[in-house]
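Here the structure is laid out as structure tokens; the discussion comes afterwards.
Computed from the coordinates by the stated procedures, all read-outs in this text should not be read as laboratory data. Fair warning: this is a prediction, and the values are worked out from it, not measured in the lab. Virtual Cβ from ideal backbone geometry, glycine too; neighbours counted across all protein chains shown.
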Amino acid sequence: NTAFKLRVGVRGDLLRKGFWDSYKVWDLYGEVLVRVETSNTAVCDEAEDDSIEEDNIAEMIHDACGYTNVEDNNNNSEDNEEPNVHATKFYKLLEDAETELYPDCKKVSKLSFVVKLIHLKCLNHWSNKSMDSLLSFFKEVLPEGLFVPNSFYEAKKVLCDLGLGYTKIDACRNDC
């Protein structure tokens, strides 16, 4: 997936072209598909929302961690237990998604910065060493207090928390 579009553009494409009839609904992950009959004469008024919409990182975190319909309920005084490891990672990811990369930065959060940076690495076939060099250069030239991972390894740990890790196989899974 190398095409980035604003939500308005995607909505327009869906209204013009429709959706796949063979789309699999992932109902175990909380997705609900509502069928809407559309005609070929559907009109998309893209002018109604010209504002640039933010990436919905929080929704991505909920999908990755398997939490759906989670409500923030801090009023419950009976629940004084510490969150488990998965919940702690989930809350850390949500915090990173809401934390501005630097003061008054509304477009990019700590989490979206790392995700987009690793996406660029993959699209452009950057080596791990080039990524480490770029991150150390960012550390040198950008003001202190700005969140920049120290290395590609540190940035990659964020993806593991999102469920995008991998298992390294030495030679063969079957020991051959």
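Rank these for me by crowding, K17, K168, K92, going from fewest to most other beta carbons within 10 Å.
Ascending number of Cβ neighbours within 10 Å: K168, K17, K92.
Between L159 and C105, what is the FRET efficiency for a Förster distance of 25 Å, r being their Cβ-Cβ separation, to the nearest 0.05?
Numbers: r = 21 Å, r/R0 = 0.86.
Efficiency computed from Cβ-Cβ geometry: 0.70.
Return W126, W20 ranked ascending by Cβ neighbour count within 10 Å, so the fewest neighbours appear first.
With the fewest neighbours first, W126, W20 line up as W20, W126.
Which links in K110/K168; K121/K157; K17/K121; K92/K116; K89/K139; K5/K106 stretch past 21 Å when you go from one Cα to the other?
K110/K168; K17/K121; K89/K139
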